[in-house]
Amino acid sequence: MFLTLKERINNLCDYTYNFTWQNNKIRPDSVIPSQAGTNYTYSDLVYELKNGKEVYITGNAGKGLGYSMGVDLKHFGGTGTVEKAGKIFIEGNVSSEMGMGMAAGLIYVKGKMDEPLGNVVEVVSDEQGYRKFRSITDILRQGMGKDMLIKNNYDTQKNQLVLDDGIMRGTIAARCDRDFLVTVEGNVYNGCGLLMQKGTIHVTGDAGMNTGAHLDGGLIVVEGTTGEFAGAYMKKGTIILNEAKGYAGANMKDGVILSKNKVKVSNPVEELEMSQEDANTIRKQLGIGHVEAMSYHKYGIVKERLVRMRDGSVVVRRVGE
């Protein structure tokens, strides 16, 4: 499929259609504006990629290129799992947030890209004149194969990826369901570990909004400051923080947030008593002493409470019963 643009257009090849199509901002069946000689809709591009084919775009792509590419989204009746995807070729520049939430497929770019990027990392290109980008999640799930990283480092034996190229990225390891370690030397953008099920992400700097949002397992460590809504809709897993802006754990279902400094939470999230196991996890990840680890604050959902009966006895009752 070949598409030529007369001006920059956002949300091309965006599997989510910006999640605003019901409000008529972007509808899947809407014709992409400013085309030259074609009449493709936003969904035409997505279906082409879902069928493992190639989309060639001449012109400048806007924000959100390839958003959630390679995901069978539940929002549209899918399974929510990773699926195969095709390739995007951009002969032009790309605005920020390219590959946010991207779990499979390839993006080739001939021009410049604005930061922050999404869940992608550059590998040596097999197409002359193009830079090649691959999903971090895909690498963690499938390995490098014949690809070679440009900067950064991947240890095949340890299944460990070190991101130290100074590029700001968001949604790192989104939806990953394999054991791994991703170490980020520096800061990350929004949505780090979004919908992650297994593995560990260790950020030595700051993290943006929605860190660990919808986390369904694994561990996220942020040594710096974390943005608003850390652990929102969290189902499982652990987040270790230094401190967090705004509220953490909004609509949290399960899991644990461990923070050096107190964070704001709202019902049903409460501050819980630290355990030896919690302290051991913190010590292992941060290399600090036992006393300092035990001084952290633990947040989660209270599942059971002690209830004193009329006869003076005490019973354990599950919350909600």
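Assorted remarks:
- The set of residues from the range 36-49 being surrounded by 15 or more Cβ atoms within 10 Å (Cβ to Cβ) and either touching a Ser or Thr at 6+ places or on another chain (Cβ under 7 Å) or over 21 Å from Gly86 (Cβ atoms) (or both) comprises just one member, Tyr42.
- From the options Arg27, Arg8, residue that is of a type in the set (Lys, Arg), at pLDDT below 90 and surrounded by 14 or more Cβ atoms within 10 Å (Cβ to Cβ): Arg27
- 2 or more residues modelled with pLDDT of 95 or more, within 20 Å of the chain's Cα centre (by Cα) and closer than 24 Å to Thr183 by Cα: qualifying strands (runs of 3 or more DSSP E) within the range 41-147: 106-109, 120-123, 131-135
- Check on Ile26, farther than 14 Å from Gly105 by Cα and either outside any loop (DSSP other than H, G, I, E, B) or hydroxyl-bearing (Ser, Thr, Tyr) (or both): no
- In the range 284-293, the count of residues that are in contact with a strand residue (DSSP E or B) (Cβ under 6 Å, 6 or more places away or on another chain) and assigned to a loop (DSSP other than H, G, I, E, B) is zero.
- Just one of the listed residues (Asp177, Asp278) is of a type in the set (D, E, K, R) and under 22 Å from Gly99 (Cα atoms), namely Asp177.
- Count - residues of the range 152-189 that are assigned to a loop (DSSP other than H, G, I, E, B), of a type in the set (D, E, K, R) and over 15 Å from the mean Cα position of the chain (by Cα): 5
- Gly99 being touching a helix residue (DSSP H, G or I) at 6+ places or on another chain (Cβ under 8 Å), of a type outside the set (Ser, Thr, Tyr) and under 28 Å from Ala213 (Cβ atoms): no
- Of all residues in the range 201-212, those satisfying the criterion of being without any contact (Cβ under 8 Å) to a residue 24 or more places away in the chain and farther than 22 Å from Gly70 by Cα are Val203, Thr204, Gly205, Asp206, Ala207, Met209.
- Subset of the range 177-199 [of a type outside the set (Gly, Ala, Ser) and in contact with a Gly (Cβ under 6 Å, 6 or more places away or on another chain)]: Asp179, Phe180, Asn187, Tyr189, Asn190, Met196, Gln197, Lys198
Conditions tested, residue by residue: (1) modelled with pLDDT of 95 or more; (2) not in a loop (DSSP other than H, G, I, E, B); (3) not aliphatic (A, V, I, L, M).
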{"residue": "Gly191", "(1), (2), (3)": "yes, no, yes"}
{"residue": "Leu195", "(1), (2), (3)": "yes, no, no"}
{"residue": "Ile201", "(1), (2), (3)": "yes, yes, no"}
{"residue": "Thr211", "(1), (2), (3)": "yes, no, yes"}
{"residue": "Leu219", "(1), (2), (3)": "yes, yes, no"}
{"residue": "Tyr233", "(1), (2), (3)": "yes, no, yes"}
{"residue": "Gly237", "(1), (2), (3)": "yes, yes, yes"}
{"residue": "Asn242", "(1), (2), (3)": "yes, yes, yes"}
{"residue": "Leu258", "(1), (2), (3)": "yes, yes, no"}
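- Every residue from the range 105-137 that is crowded, with 23+ Cβ neighbours inside 10 Å and over 19 Å from Tyr189 (Cβ atoms): Gly105, Leu106
The values are calculated or read from the model by the stated rules, or taken from the named source; none is laboratory data. Keep in mind it's a predicted model, so treat the numbers as computed, not measured. Positions of Cβ are generated from backbone atoms using ideal geometry, with glycine treated the same way; all protein chains shown enter the neighbour counts.
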